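To start, the structure under review is shown below, and the notes come after it.
No value in this document is a laboratory result; all are computed from the given coordinates. Quick caveat, the model's predicted, so the values are computed rather than measured. Glycine also receives a Cβ, built like all others from the backbone with ideal geometry; neighbour counts cover every protein chain displayed.
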Amino acid sequence: MATTVAPQTPPRTADEPTGPWSWFATTDHKRIGSLYLFTALTFMLIGGLEAEIMRTQLMRPNQHIVSAELYNQLFTMHGTTMIFLVIMPLSAAFFNLLIPLQIGARDVAFPRLNAFSYWVYLFGGIFITLPILFGAAPNGGWFGYAPLTTKTYSPGLNIDFWVIGLQILGISSLAAGFNFITTIINMRAPGMNLMRMPLFTWMSFVVQFLIILAFPVITIALVFLLFDRFFGTNFYEIARGADPLLWQHLFWIFGHPEVYILVLPAFGLVSEVMPTFARKPLFGYPVMVYSGILIGMLGFGVWAHHMFAVGMGPIADSFFAVTTMLIAIPTGVKIFNWIFTLWGGSIRFTTAAMFAIGMVAMFTIGGISGVMHSSPPADLQQTDTYFVVGHFHYVIFGGSLMGLFAGLYTYFPKFTGRLLDERLGKWHFWINFFGSNLVFFPMHFSGLLGMPRRIWTYDAGQGWDTFNFLSTMGAYLLVPATLILVYNIWKSARSGKIAGNDPWGAGTLEWSIPSPPPPYNFATIPRVTSRYPLWDVKPPLASAPVPNTPMHSEAPAPTAAELGIPMPYHTLKPLLTALALPIMFGGLMLMHLENKLPHYVFMYGGAAMLVGCLYWWLTTPLEPEHHHA
Amino acid sequence: MTATAADVGHGYTTTGLPHRKIAIWAFIGSECMLFASLISTYLIYKGRSIAGPFPHEAWTDPSTHHVYKAILNIPVTSCSTFVLLMSSLAMVLALAAVENRDVPKHTLGDRILGSSKLWLFTTAALGATFLSFQAYEFTSFVHEGLTIRTNLFGSSFFTLTGFHGAHVTAGVLWLLTMLGIDFKRGLGPKDALNVDIMALYWHFVDVVWIAIFTLIYLIK
């Protein structure tokens, strides 16, 4: 009974829980995705503020707005926040929202584990961020090079917060990794074979393997550092014969795959956005899949290009130079395939399309300067200078973040049922695009002129002044850009245009169901026969101008109970289990106090809570008993 | 795309395997990288300690002239390795007993082989025996002058074997929990998946020990 009147509110089923408390107990992947999105954007404001303070300090030579010590904390927390608390969780917001929808599933394989991942991320993020208010934030760089970070050279709690915070955050990523791998392998709808799987799900699949294989390595590197700092072991004690490169190797065996963990989800999103707005299928789909897999595999073989300056010798340097150059090939293939997707397309320049195209341009610039570093002699000139800072911001800000923004403008309806405002979105895009180029492009010049990274101030007359001033002006432009985005999200979530099932005339499964989808996603599990099943029904060029005016029924969708679909219980157990981790680890940090009582109470109390909650969780069924086969 | 749901029931999975089976394999893959990092660090630091005691040869402290004998006690650890390997056999029998619970048992042999309680208990007991060996080993090393703080060998040895011991401990707790459930309501074919997953974890921890025993104890 479709009405011809455009609806005023997004569709919801009658039995959906509402109110703030429902968010704490939710196991719904879409709601967990929204939690990730909201939390990551909040951390983005914090990390952005840290960057603005740094740029203000560097605007002119010899400024003393912040102290050198605070500056160390700012650049450490800016990097740590943006990598672990913003880009990864923003990607996780899309993993959560989209993977089940794109493969035709009703949820992830382990809904409670999914909630656990989110809560661990939130508590770990707070644990590592809060100390900056007390001037005790981590101050050893996001890479935390040992032996610099051992107790001898970094006394104080700063590095302890970093080591333990990252350890907690790693648990979140690993749990999510096992969950999504199982979901993608095992919950695809009939007919959704691997070579029909949307590119975003494919790239997410690759990323989960990178996560579960790379995070254990940094876990061990951090365990060594933790033991050195707390129990007096010798892993990074050079005077006891330790190898000063051990940390660097372990860290970058994790750290380089981490770069692809940050960028492949954005690649996936852009590969969804491009066909939708060019209104033709992705060019070279199989090659896009294979190049993504190849990037993931090669990503484990290039780590020592971060270490050319330490003097590993010509053989190691040559090996890692060659593998690094090799990885440019599948990456270049992707860039050409995006361009060929646009070629001959009937392009609609929505905000999402502009962010996607901007991402390709920015990422290409960052990729080209990246290939420059792959040559060890060139790298020796560039390493530890602002040239490298410019390079990786083009890749992470211009690549990852702009790709994620493209995803946000496209998929906001699947989070909220409403569209983001396009006019504000275009303002956001253009200010963001000019601003980010103005911050990061001059850094190449200041870097080639010899300006080192991580210095808190510099003398005049070295040729750096103008470039630093320009970078700071660019950074200030990003403030209004970000505020426009925040306002747009705030306003559109309340009163944005109702999206309907498929506002963009896109081709993949997630657009066949209402926005936001009902708790069970698909009333009947679809049977998939092609890569763009919706375009089989309605060819892309036939679609109306975007965004479409939705014509869905005003009547609420049927509830899961009416359809006989079993739904997981709402539960606080994942939250409580996650809460035990910061309590237990926080207790460990109290070890060096005179009074040992709080140390024992929190550490053993937290451990008991963790084990107790786990038993409670694992002995309670996920869904009503009678649905178990 | 046609919307029919004839054969997509609640228990449907793409591969036909249960979710938990896939997740445990992903977990084991991840654990391989964890132990690979620990074992690599041990091997990289092998022979780099600037002071003893050492794993395979005696060492005289130049200042005190105290002679420290070689630390590793291969005969004792061979026994504990045998115990742990036998626990894997018991685990296999426990899983078979759970799977075949409903098969009628005629002889005493059938009843012994078919007792999941007996084999779960045996697996846990052998695991606990291995842990006792490790506790004995750790205390005797400390008495001989090697702690986790002494040198690079001590740090990397205790951390590596300690991580493995922690994994065995988690496995023993898991086994005892299953044993408790078996006593409470009996484990049958519908529990086979849970026991199977536990068995995969247990065998994995065993295999890691074979690598550790070979690389750390046997190769000098």
Using only Cα atoms, locate the centre of segment B:76-155 and the centre of segment A:26-100, then give the distance between them in Å, rounded to an integer. 47 Å
If you wrap chain A's Cα atoms in a convex hull and average its projection over all directions, what's the area in nm²? 28.4 nm²
Relative packing of peptides A:292-299, A:379-386, B:150-157, A:448-455 - highest average C-beta neighbours within 10 Å first: B:150-157, A:292-299, A:379-386, A:448-455
Compute for segment A:280-320: radius of gyration divided by Kirkwood radius, i.e. Rg/Rh, restricted to C-alpha atoms, rounded to two decimals. 1.27
Using only Cα atoms, tell me the angle between helix A:158-186 and the longest principal axis of chain A; keep it within 0 to 90° and round to the nearest 10. 30 degrees
Any idea what Rg and Dmax come out to for segment B:19-218 if you just take the C-alpha atoms, in Å? 19.9, 71
Mind checking B:136-148 for the average number of partner chain beta-carbons within 10 Å of each residue's beta-carbon? 1
Once the dipole of the protein assembly as shown is set up with Lys and Arg at +1 and Asp and Glu at -1 on Cβ about the Cα centre, which of A:Ile525, A:Phe134, A:Phe405 lies farthest towards its positive end? A:Ile525
Calculated from DSSP H runs of 4 or more alone, at -39500 (n - 2.57) each and per residue, what is the 222 nm mean residue ellipticity of chain A, nearest 500? -20500 deg cm²/dmol
Search the structure for amide H atoms under 5 Å from the amide H of A:Val302, placed 1.01 Å from N in the peptide plane, and list their residues when 5 or more places away or on another chain. none
Under 18 Å Cα to Cα from B:Lys190, which aspartates and glutamates show up? Leave out anything in the same chain fewer than 8 places away. A:Glu623, A:Glu625, B:Glu99, B:Asp102, B:Asp182
So, how do all the Cα-to-Cα distances of segment A:465-535 break down into 10 Å bins, in percent, from 0 on up? 16, 26, 22, 18, 13, 5, 0
With a cut-off of 8 Å between alpha carbons and a minimum separation of six or more residues, what is the relative contact order of segment A:21-571 in percent? 17 percent
Putting +1 on Lys and Arg Cβ atoms and -1 on Asp and Glu Cβ atoms, find which of A:Phe110, A:Thr619, A:His78 reaches farthest to the positive end of the dipole of the protein assembly as shown. A:Phe110
Please give the helix B:74-99 orientation as an angle from the longest Cα principal axis of chain B, in degrees from 0 to 90, rounded to the nearest 10. 10 degrees
Tilt of helix B:19-44 relative to the longest C-alpha principal axis of chain B, in degrees (0 to 90, nearest 10)? 10 degrees
Quick calc, chain A, dipole around Cα centre from Cβ unit charges on Lys, Arg (+) and Asp, Glu (-), nearest 20 debye, gives 1060 debye
Along its principal axes, what span do the Cα atoms of segment A:281-360 show, with the longest given first and each in whole Å? 52, 25, 16
If you find the alpha carbon centre of segment B:187-220 and of segment A:160-174, how far apart are they in angstrom? 27 Å
Segment B:167-220: mean projected area of Cα convex hull, nm²: 4.0 nm²
Cα-Cα separations in segment A:76-212 greater than 23 Å, expressed as whole percent: 41 percent
Determine the distance separating the Cα centre of segment A:468-528 from the Cα centre of segment A:352-370; give it in Å without decimals. 20 Å
Given pairs A:Lys280/A:Lys491; A:Lys30/A:Lys491; A:Lys30/A:Lys497; B:Lys105/B:Lys184; B:Lys21/B:Lys105; A:Lys497/A:Lys538 and cut-off 25 Å on Cα-Cα distance, the over-length ones are A:Lys280/A:Lys491; B:Lys21/B:Lys105
Of A:Val302, A:Leu269, A:Ile329, farthest towards positive along the dipole that unit charges on Lys, Arg, Asp, Glu beta carbons give segment A:236-371: A:Leu269
Nearest 20 debye, what's the magnitude of the dipole of chain B about its Cα centre given +1 on Lys and Arg Cβ and -1 on Asp and Glu Cβ? 140 debye
Which whole number gives the average count of other chain Cβ atoms within 10 Å of the Cβ atoms across peptide A:185-198? 3
Averaged across the residues of A:232-243, what count of C-beta atoms belonging to other chains lies within 10 Å of each residue's C-beta? 6
How would you order A:602-608, A:129-135 from highest to lowest mean count of nearby Cβ atoms within 10 Å? A:602-608, A:129-135
Residue span A:Ser22 to A:Phe469: 0.36 nm per residue of separation minus Cα-Cα distance leaves a gain in nm of 156.2 nm
